[in-house]
Amino acid sequence: MFMGAWSLSSEPSPNDLYSVKAPYNFSRFVTAKNTKLLQEMDSEKAFNTNYRVKKFHEWQKYMDDEAYVVPVSNSYSVNAVNSKITGYSLKPSAANSLWYNVGIAK
């Protein structure tokens with residue numbers, strides 16, 4: 001059994017983990033269908049949110065059917081934030097301007 005771990009970027013694309021040239025594709029699983037679904041998911045058409053969600057669902061179903069990667073562990077992190085802190089967000093989309101919005105309420 002091979003065990004590996006990684007964290008995700010703020011871009012919700014599995015290309016970094018499961019594409020042909022992905023450095024973290026530890027299982028080295030590659031199929032034409034997987035490549036096609038990953039490319040469609042990050043294509044120009046994917047700027048349409050409904051299209052991208054549809055492609056994510058297709059890819060997730062495919063991955064579930066193939067079951068070539070089976071998670072055997074998971075980790076969690078807890079972030080304690082004082083109730084007086086304002087503008088703080090754990091959303092990945094807020095990462096680039098996190099400290100710009102943070103303040104303290106009296």
Fewest to most Cβ atoms within 10 Å: LEU38, LEU98, LEU90, LEU17 sort as LEU90, LEU98, LEU17, LEU38
Binned at 5 Å from zero, the C-alpha pair distances of region 15-66 give percents of 4, 22, 29, 26, 14, 5, 0
Nearest 10, in degrees from 0 to 90: the angle of helix 32-41 to the longest Cα principal axis of the chain is 30 degrees
Here Rg/Rh (Cα, Kirkwood) for region 1-87 equals 1.06
Sorting THR31, TYR18, HIS57 by the position of each Cα along the dipole of region 15-66 (Lys, Arg +1; Asp, Glu -1; all at Cβ), the one nearest the positive end of that ordering is THR31
The helix 49-66 Cα axis meets the longest alpha-carbon principal axis of the chain at an angle in degrees, between 0 and 90 and rounded to 10, of 60 degrees
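Rule-based calculations on the coordinates, nothing more; no lab input. As the structure is a computational prediction, the values presented were derived from the model and not from experiment. Here the Cβ is made from the backbone with ideal geometry for all residues, glycine too, and neighbour counts use every protein chain on show.
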